[in-house]
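See below for the structure under consideration.
The values are calculated or read from the model by the stated rules, or taken from the named source; none is laboratory data. In this text, all values refer to a predicted model and were calculated from it rather than measured experimentally. Note: ideal-geometry Cβ built from the backbone for every residue, glycine included; neighbour counts use all protein chains shown. The accessibility values were calculated without ligands, DNA or RNA, using every heavy atom of the protein model including side chains. Shrake-Rupley method; radii C 1.70, N 1.55, O 1.52, S 1.80 Å.
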Amino acid sequence: MKRAEAVALLKELSAEHLIQPSLVLIEKRKPDSYQLCVKGDFDREGIEDFLQKNALVFEEDSRKGFCIFEP
């Protein structure tokens, strides 16, 4: 996703009270391609429902404690 899309996704997830981030990273993966990494409290079921509607996926990196959002 583009950087602006990652920022918009973060805002929307926060507005829906699906995440309460303590740390946010927007990492560049490829030219003009980013992933959103969030550490904090989150509603897993709510996020899964939200992301299905928006054709996005996320995975948990339990080792680092992050949720990673990608298109």
Which is among the aliphatic types (A, V, I, L, M) and at pLDDT 90 or above, of LEU56, LEU18?
-> LEU18
Based on what the data block shows, is ILE19 among the aliphatic types (A, V, I, L, M) and either in contact with a His (Cβ under 6 Å, 6 or more places away or on another chain) or without any contact (Cβ under 8 Å) to a residue 40 or more places away in the chain (or both)?
-> no
Residue count for region 31-50, restricted to those that are surrounded by 11 or more Cβ atoms within 10 Å (Cβ to Cβ) and in contact (Cβ under 8 Å) with a residue 24 or more places away in the chain = 12
Any residue in region 51-62 that is open to solvent by 50 Å² or more (accessible area, probe 1.4 Å), among the small types (Gly, Ala, Ser) and without any contact (Cβ under 8 Å) to a residue 12 or more places away in the chain?
-> yes
Those residues that are over 13 Å from PHE58 (Cα atoms) and among the hydrophobic types (A, V, I, L, M, F, W, C), I need them from region 20-37; list them, please.
-> LEU23, VAL24, LEU25, ILE26
Among residues belonging to region 3-27 that are open to solvent by 60 Å² or more (accessible area, probe 1.4 Å) and part of a loop (DSSP other than H, G, I, E, B), point out the one that is farthest from PHE66 (Cα to Cα).
-> GLU16
